[in-house]
Amino acid sequence: MSFKRRGCILHQKFIKLFQYRYGTDYPAEPPINSKAIHATVLHNRWINKKEKHIYSQRLGISYKNQYVLTSFNAYTRPERRIYQKQLFDFRTHHVTESKTHQRQKLRFERACRAIFHRRGNRVDTRAPAQNLQEQLRRSRIHHFLFLPSQHIYKPIQHVKYHRNFRIIDHLHYNFPIPSRAYRRTKKKKHRPKKNINLQHDTLTQHIPQESPEEIMITHDLPATTIQPILSDDKNTWHDKLGFLVPNHLLPYVTEEPLYVSKTQEKIKGRTHEPGSQPWFKAVKDRKILAERLAEREEANRAYSLRAHLWGTTTHNLEFRDSMVSDLTHFQNHFHTEISKLTNRRHLYQENLDKGKAVSKNTKRLELLEQDFAKFQIDYHSIIDTRQIHYRIKGHTSDDTKELEFRPHKRSDNMSLDNIRHTGSIKKPRSDLLITDDVNVSILQDL
């Protein structure tokens with residue numbers, strides 16, 4: 001911006017930008033951008049209790065903000081701030097397995113790790129936050145939301161009470177201020193009792209944990225263990241672990257610990273606490289991995305059976321299937337074209353047998369025999385050689401195969417190197433390579 005003029009997000013669109021490189025003309029009537037306008041906007045939004053919905057496309061989260069007043073003794077403190085911005089109604093939108101949602105989830109977890117582990121210049125904020133109370137304290141320091149039940153108050157720094165006036169007087173301000181300061185009353189929330197069997201904490205549901213992709217690739221398939229009897233409802237009590245487990249996850253629950261990463265598994269380090277939300281998430285990922293491996297094995301088995309029926313290997317199955325389809329298409333086209341000539345020959349021969357237009361039909365038969373002699377259809381004029389199986393294998397003509405055979409190949413011991421008296425014996429190309437069906441093992445031996 002020219003002349004070092006700045007503005008907030010509300011008034012940046014009113015600031016005119018000048019592209020004069022050498023000019024020093026200043027606008028005659030600059031737009032009004034004073035502190036009173038900002039304070040009036042804040043006061044009106046506080047009076048109307050206007051809520052603003054904010055959505056982050058990068059993190060995949062949303063929350064609401066609203067302007068509220070500070071406590072009644074705020075103007076006696078050194079900062080003397082009038083308004084605060086209340087952040088609440090936090091929500092995450094990582095619901096699908098799409099790439100966009102997965103990237104948003106990774107960015108949000110990265111931001112959580114930065115808040116809880118290493119952000120800030122204070123010494124007490126450099127140590128990692130291990131429990132929920134410490135994480136909530138860090139989030140209040142950095143004004144960071146990560147739970148739906150959070151309410152964070154961020155002070156507005158540029159609208160304050162005067163330092164010399166402890167009694168609020170509207171005459172000393174050029175913008176509207178609240179008539180009296182209000183005290184925020186905290187409503188008592190009736191928290192439900194925790195279920196000891198489930199050990200599910202609603203607060204820890206949205207706490208960022210290790211990424212599910214990392215858990216999925218680090219946990220192996222479960223070992224076979226003795227499972228308890230399934231109950232009639234959706235959950236079953238696990239005697240050794242001491243809590244209820246969903247029936248669809250019960251076959252994948254073992255007594256072995258679930259490590260947070262592959263590195264921790266090698267060093268026998270940190271593990272997920274049994275019954276916690278990350279532990280159930282790891283078991284779900286273990287189930288997904290087992291199902292994917294089972295589907296992959298079933299697909300490989302069906303593919304191998306199909307290759308066995310074709311009399312080839314899985315490596316050449318697609319090539320063999322595509323070539324058979326092309327040959328069938330070429331034969332059908334050849335049969336259609338040659339049938340036209342044979343039908344004409346049969347018609348002319350019937351006319352001669354009946355004595356109809358003998359000279360004319362005889363001449364037609366002679367011309368038709370010439371057409372039979374010239375009849376020829378090029379295979380590559382019918383088949384599209386740009387298909388994938390032709391790009392993989394390629395097409396080698398018989399002349400090229402004869403050139404590659406090279407029966408009169410020169411001797412390799414014609415070098416002037418005196419140290420290397422005799423060279424390695426060069427093997428000529430075998431006659432088997434002239435045919436189309438070449439075994440892959442023969443090429444490897446040559």
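None of the figures in this text is laboratory data; all of them are computed from the coordinates on show. All values derive from a computational prediction rather than experimental measurement. Virtual Cβ from ideal backbone geometry, glycine too; neighbours counted across all protein chains shown.
So, counting K/R as plus one and D/E as minus one, what does the shell of residues with Cβ under 14 Å around Gln349 add up to?
Every neighbour counted, the sum reads +3.
Could you pull out every residue, at least 5 positions away or on a different chain, whose amide H is within less than 5 Å of the one on Phe243? Hs are placed 1.01 Å off N in the peptide plane, and Pro or chain starts have none.
His238
Of Gln376, Met323, Ala357, whose Cα points farthest to the positive end of the dipole of segment 316-393 (charges on the beta-carbon: +1 Lys, Arg; -1 Asp, Glu; origin at the Cα centre)?
About the Cα centre, the residue reaching furthest to the positive side is Ala357.
State whether segment 269-359 is rounded, prolate or oblate according to the following rule on the C-alpha gyration tensor (a ≥ b ≥ c being the square roots of its eigenvalues): a/c under 1.5 gives rounded; otherwise a/b larger than b/c gives prolate, and the remaining case gives oblate. Each step should come with its number before you reach the end.
Values: a/c = 7.92, a/b = 5.14, b/c = 1.54.
Because a/c hits 1.5 or more and a/b exceeds b/c, segment 269-359 counts as prolate.
Residues of segment 77-117 with the amide nitrogen closer than 14 Å to a label point 7 Å from the Cα of Gln66, along Cα-to-Cβ, please.
84-90
Classify segment 316-393: rounded, prolate or oblate, from the alpha-carbon gyration tensor (a ≥ b ≥ c, eigenvalue square roots; a/c under 1.5 rounded; otherwise prolate if a/b is larger than b/c)?
prolate
For an R0 of 51 angstrom, estimate the FRET efficiency from the Cβ-Cβ distance between Lys240 and Ser322 and round to the nearest 0.05.
For Lys240 and Ser322, the calculated efficiency is 0.40.
Pop out the ³J(HN,Hα) list for segment 242-253 in order, Karplus 6.51 cos²θ - 1.76 cosθ + 1.60 with θ = phi - 60°, rounded to Hz; leave Gly and Pro as x.
x, 7, 7, 10, x, 5, 6, 9, 4, x, 9, 9
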